[in-house]
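Report on one structure; see the data block that follows.
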Amino acid sequence: MSRYSRQTILAEIGVEGQAILEKARVLCVGVGGLGSPAAMYLAAAGLGTLGVIDGDVVDATNLQRQVLFTEANIGQSKVQAAAERLRAMNSALDLRVFDQHLDASNALKIFADYDIVLDGTDNFAAKFLINDACVKLGLPMVYGSISQFEGQVSVFWAERGPCYRCLHPAPPKSRIQNCAESGVLGGIAGVIGSMMAMETIKVLLLKAGHVSRLNPLVGRLQIVDLATNEMMNLQVPKRAGCALCRGSREQIVLQDLAPISCQASASKPIRHDELCEALAGEAIKVLDVRELQEWTHGHLAGSFHFALSRLESEELPQLAPETPLIVICQAGVRSKRAEQILRNRGFQDVRNFPAGINGWTGELQAESLQAP
Ligand SMILES: [Zn+2]
C-alpha cells in the first residue's frame, strides 16, 4: 500500500477508495493523444483492469503528443506498444489488449466486461458508437476532444445525466477537419487526457458508492482554451427529445457511421465588413446575446436578441441548426461562450464577432425587443 500512500492519504480516496480502484475495470478506446496520458495516470493510480483498443500503428507524427510511445515503437501496433509501456509502469495491472478498430459488431461484447469507457477517439462516428453502446449497457462514458489549443471534457452517463446525443443529436453533415488538418499542440492532449483520468477515478468511486466532495463532470462540459487560458464550464441538460437515452435500452441498435472528424475549436472570427453584409442581407442571422436592458439601450439594426443567460438553459426558438449565425455581445466574451453553446447544440455555421458592440463603428438603434 505504501506505493499509493500519496493518494490514500487523501480523505476523498483513502484505503477504501484505493480498494475500489484496484477492483475497477476501465476500457480506453484509442491510445493516441488523449488515451496516452489517461491510460498512464490510471495505470499509475493502481487500477485493477485496463483494456486498450486501437487498430492503428505508431507513426512518427504521433510522437509529438502520444507520450506512451518512443521512436523505437514506430511501425508497431499501438496497443502492443502501449501494453509494454503500461506493464512496465505497473506490473499489478491486468492489461487487456484489443488490436482492432471498434465497430458496431464488436462494441457491446467488448464493453460488457468493463465498468466505464474512456473515449480517446478523434472522430464523431466513434464517439456516437461509444455513446450508444454505453447507454445500452448503462455504462458511464468519459468524453474528450482536442483541436489546436483547445479541448473539451465531460462525463456522459445516461442513468445520472445526459448522454452524448443530448449534446450532439446527430453527426454534423459537413466535414470537419481533424488534428492532421487543423493541427494540435501536444500539451493540450496531456491536459485533457489527464482530466479524463481524473474524471474516470471520480466516477469509479461514485459508482461504487464512495461518496465525497469529488464531483465528476456529469451534465457539464468543461472547455479549456490554452491559447487564451479561458476556461468554461457549460451545463449540458438531459434533452427531453433525446431519441437515445429517453427511450428503452433494448431498442438501441448500434450503427457504423462514416468517419467524420471532430473539431473542438471555434471557426475564424468574422470581420467588421462581413458583419455589415450579414446585417444588410437575409441569409445570415445576427444574434445579440447581451442582456435585455443592454439591447434596449442600443443594438445593431437587422440583429435579433436572445440573452446568453437564457441560452445556457433554453433552446434558440425557430432556428434550424443549418442557419448561418453571427453572434455578438458587448466585448466579445459572452458571444464566444454563446458560439460554443450553439456549436455544441449542432449549429454548424456559428461565428463570433470578437470586437463586439464596443468595436462597432456604425449607428446603433434603440427600441424595444424584436422577434427573431
Ligand atoms: Zn441523450
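Just so it is clear, none of the values below were taken in a lab; they were calculated from the coordinates. These numbers were taken from a predicted model, which means no experiment stands behind them. Virtual Cβ from ideal backbone geometry, glycine too; neighbours counted across all protein chains shown.
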Check: Expressed as an acute angle from 0 to 90° and rounded to the nearest 10, what is the orientation of the C-alpha long axis of helix 333-344 relative to the principal long axis of the chain?
Finding: 60
Checklist line | 0 to 90° range, to nearest 10: angle between helix 35-44 axis and the chain longest Cα axis | finding: 50
Check: With θ set to phi - 60° and the Karplus curve 6.51 cos²θ - 1.76 cosθ + 1.60, what are the ³J(HN,Hα) couplings of region 298-304 in order, to the nearest whole Hz, using x for Gly and Pro?
Finding: x, 8, 7, 5, x, 9, 10
Notebook entry, point to check: Which value at 222 nm does the chain reach when only helices count, each DSSP H run of 4 or more adding -39,500 (n - 2.57), with the total divided by all residues and rounded to the nearest 500 deg cm²/dmol?
Noted result: -9000 deg cm²/dmol
Check: Got a sec to turn the phi values of region 96-107 into Karplus ³J(HN,Hα) couplings, 6.51 cos²θ - 1.76 cosθ + 1.60 with θ = phi - 60°, whole Hz, x for Gly and Pro?
Finding: 10, 10, 10, 8, 6, 7, 6, 8, 5, 7, 10, 4
Next item on the list: Set Lys and Arg Cβ to +1 and Asp and Glu Cβ to -1, take the dipole of the chain about its Cα centre, and tell me which of W157, N344, Q318 lies farthest positive.
Entry: W157
Next item on the list: Enumerate the amide H contacts of I326 below 5 Å, restricted to partners 5 or more residues apart or on another chain; note that Pro and chain-start residues carry no placed amide H.
Entry: K285, V286, L287, R351
Check: What number comes out for the charge environment of P169, summing +1 per Lys or Arg and -1 per Asp or Glu over other residues with Cβ under 11 Å away?
Finding: +3
Margin query: Placing unit charges on C-beta atoms (Lys and Arg positive, Asp and Glu negative, everything else neutral), compute the dipole magnitude of the chain about its Cα centre in debye, rounded to 20.
Written below: 920
Notebook entry, point to check: Per residue, what volume in Å³ does the Cα convex hull of the chain take up?
Noted result: 143
Item checked: Residues with amide H under 5 Å from that of E230, placed H, sequence gap 5 or more -> D225
Checklist line | ³J(HN,Hα), Karplus 6.51/-1.76/1.60, whole Hz, each residue of region 118-134, x for Gly, Pro | finding: 9, 9, x, 8, 10, 9, 4, 4, 5, 5, 5, 5, 4, 4, 5, 5, 5
Margin query: Report, to one decimal in Å, the Kirkwood hydrodynamic radius for region 1-131 based on all distinct Cα pairs.
Written below: 15.2
Checklist line | Exposure proxy ranking, count of Cβ atoms within 10 Å, fewest first, for E12, E250 | finding: E250, E12
Checklist line | Where only alpha carbons of region 18-65 are counted, the Rg and the Dmax (Å) | finding: 12.1, 39
Next item on the list: Arrange the peptides 76-88, 111-123, 28-40, 222-234 so that the one whose residues have, on average, the most other Cβ atoms within 10 Å appears first.
Entry: 28-40, 111-123, 76-88, 222-234
Next item on the list: Using a/c under 1.5 as the rounded threshold, could you call region 80-207 rounded, prolate or oblate? The axes a ≥ b ≥ c are square roots of the C-alpha gyration tensor eigenvalues, and prolate needs a/b larger than b/c, oblate otherwise.
Entry: rounded
Next item on the list: Normalise the Debye intensity by I(0) for region 272-359, one equal point scatterer per Cα, no solvent, then take log10 at q = 0.14, 0.22 Å⁻¹ and round to two decimals.
Entry: -0.41, -1.08
Checklist line | Violating pairs (Cα-Cα greater than 29 angstrom) within the set K136/K285; K207/K336; K238/K285; K78/K268; K136/K207 | finding: K136/K285; K207/K336; K78/K268
Next item on the list: Would you give the gap between the C-alpha center of region 2-26 and the C-alpha center of region 285-344, rounded to a whole Å?
Entry: 45
Check: Helix 186-207 versus the longest principal axis of the chain: what angle, 0 to 90°, nearest 10, using Cα atoms?
Finding: 70
Notebook entry, point to check: When the chain is treated as a GNM, springs tying every alpha-carbon pair under 10 Å, which of L311, L68, L342 comes out with the largest mean-square fluctuation?
Noted result: L311
Check: How much net charge surrounds H101 when only other residues with a Cβ under 15 Å from its Cβ are counted (Lys, Arg +1; Asp, Glu -1)?
Finding: -4
